[in-house]
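Inspection log for the structure reproduced underneath, given as structure tokens.
The values are calculated or read from the model by the stated rules, or taken from the named source; none is laboratory data. Quick caveat, the model's predicted, so the values are computed rather than measured. Reconstructed Cβ throughout: ideal geometry from the backbone, glycine too, with neighbour counts over all protein chains shown. What goes into the accessible areas is simple: the full protein's heavy atoms, side chains included, and nothing from ligands, DNA or RNA. Shrake-Rupley method; radii C 1.70, N 1.55, O 1.52, S 1.80 Å.
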Amino acid sequence: LKFIFGPCAVPALDLVDQRSVTRVTSPSGRTLYQVLGSSGKLYTCYSSCHFCTCPAFGFSVLQKSESLLCKHILAVYLSQAMGACQELTVSEEQLTSILLAEEEEEG
């Protein structure tokens with residue numbers, strides 16, 4: 001994994017081992033992932049469009065094109081493959097609140 005994904009492979013595996021990935025679903029079927037980062041901050045990841053709200057994703061992936069993904073997205077993919085995601089079902093209103101909270105933090 002380290003050969004393919006580089007330096008984010010080991011930290012991503014640590015996140016999976018710590019069960020830091022939660023799959024959040026709503027009754028309509030919308031899904032997002034929340035990953036509790038090593039810093040204690042909660043990041044929102046969208047595997048459907050390959051996006052994470054962490055600063056490393058914005059810098060290394062989007063701005064510099066140095067990486068394909070961050071450790072949080074890789075942890076999501078690994079957790080999916082291993083069946084290691086925690087599951088959380090929320091209402092549509094709760095999902096909207098999660099999405100709006102992320103938007104407020106970015107703006």
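Brief remarks on what is shown
- Here the accessible area of the chain is 56 percent carbon and sulfur, with a 1.4 angstrom probe and all protein chains present.
- Multiplying the residue separation of ALA101 and LEU88 by 0.36 nm and removing their Cα-Cα distance gives an extension gain of 2.9 nm.
- DSSP beta bridge pairing in region 6-90, given as percent antiparallel to the nearest 5: 75 percent
- Peptides 66-74, 10-18 ordered by average Cβ neighbours within 10 Å, highest first: 66-74, 10-18
- Mean accessible surface per residue for the chain, computed with a 1.4 Å probe while every protein chain stays in place, in Å²: 59 Å²
- Summing +1 for each Lys or Arg and -1 for each Asp or Glu among the other residues whose beta-carbon sits under 11 angstrom from that of SER38 gives +1.
- Mean sequence separation of contacting Cα pairs (under 8 Å, at least six apart), scaled by the length of the chain, corresponds to a relative contact order of 31 percent.
- Three-way shape call for the chain based on the alpha-carbon gyration tensor, with the a/c threshold at 1.5: oblate
- Cα shape, region 9-64, gyration tensor, a/c 1.5 rule: oblate
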